[in-house]
Amino acid sequence: MSSKLDRLKALADELTSYEVDRKKNLKRLKEIFVTLQLNDKCPEFTDIFEFKAINLSAISLTRESLGTVMEGKYAQIIGIKYIEEEGKRRAKNINLRYFGRVEQLERDLRRLIVEFVLRWRLEKSYRGVDHYRTLVKKCENDEEWS
């Protein structure tokens, strides 16, 4: 019996940790959003989640070279939305913020830019999990199934 109780406690701790981590991530993401002055293109903080993706030019986001600059390039945060045009769906890139030549960026600013993109992607993945949980619940609930 103790083994089952221990597993249940571990699961409860993991779920609590997940929610705490998510709240911390969202709070820090909003702080960086304000610091980077991204409200010029996204007046409301929640508007950034309308993008399907957010990319970064001239600064690496890979595990092996995180934060490494690509000399001679220009740093910018780019949001990607899908729009309908003439009956076709296409991706539209929106420059959320231009920072200039990447090699001239201060180290701390570069770190904030990278952190913003990574934290946005983390929150976006949480929202994806929420979406699929809702759909699975609808599958399990006979009354909601059409």
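We did not get these values from a lab; they are worked out from the coordinates using the rules stated. It should be emphasised that the depicted structure is a prediction, and the values quoted were computed from it without experimental measurement. Cβ sites come from the backbone with ideal geometry, for glycine too, and all protein chains shown count toward neighbours.
Residues with beta-carbon under 12 Å from that of R22, excluding R22: net charge, scoring Lys, Arg +1 and Asp, Glu -1? Working shown, then result.
Values: positive: K23, K24, K27, R28, R119, K124, R127; negative: E19, D21, E123, D130.
Net charge in that neighbourhood comes out at +3.
Could you derive backbone 3J(HN,Hα) for the range 38-47 from the dihedral phi with the Karplus parameters 6.51, -1.76 and 1.60 (θ = phi - 60°), listing whole Hz in sequence and x where the residue is Gly or Pro?
7, 6, 5, 9, 10, x, 10, 3, 5, 4
Please list, in order along the range 60-70, the HN-Hα scalar couplings obtained from phi with the Karplus expression 6.51 cos²θ - 1.76 cosθ + 1.60 (θ = phi - 60°), rounded to whole Hz, x for Gly and Pro.
6, 10, 6, 4, 6, 9, 3, x, 5, 8, 9
So what's the back-of-envelope 222 nm ellipticity for the chain, counting only DSSP H runs of four-plus at -39500 (n - 2.57) apiece and dividing by all residues, rounded to 500?
On the way: 2 runs with 68 residues, N = 146.
The helix-only estimate for the chain comes to -17000 deg cm²/dmol at 222 nm.
For K24, which lysines qualify as cross-link partners when the Cα separation must be under 18 Å and same-chain residues fewer than eight apart are set aside?
The qualifying lysines are K124.
Taking 0.36 nm per residue of sequence separation and subtracting the Cα-Cα distance, how much length would be gained by fully extending the chain between A10 and Y132, in nm to one decimal? Walk me through the numbers on the way to the answer.
Working: separation 122, 0.36 × 122 = 43.92 nm, distance 2.34 nm.
That pair, A10 and Y132, stretches by 41.6 nm at full extension.
Tell me which label goes with the value of semi-axes √(5λ) of the Cα gyration tensor in Å computed from the coordinates here: (1) 22, 21, 16; (2) 35, 23, 13; (3) 28, 17, 15.
Correct label, based on the coordinates given: (2).
Can you list which of the GluC sites (Glu not before Pro) found in the range 17-79 are DSSP loop residues with at most 13 other C-beta atoms within 10 Å?
Sparse-neighbourhood loop GluC sites (Glu not before Pro): E44, E64, E71.
State to the nearest 20 debye the size of the charge dipole of the chain about its Cα centre, where the only charges are +1 on K and R beta carbons and -1 on D and E beta carbons.
Details: 30 positive and 25 negative charges, 64 e Å.
Roughly 300 debye, rounded to the nearest 20.
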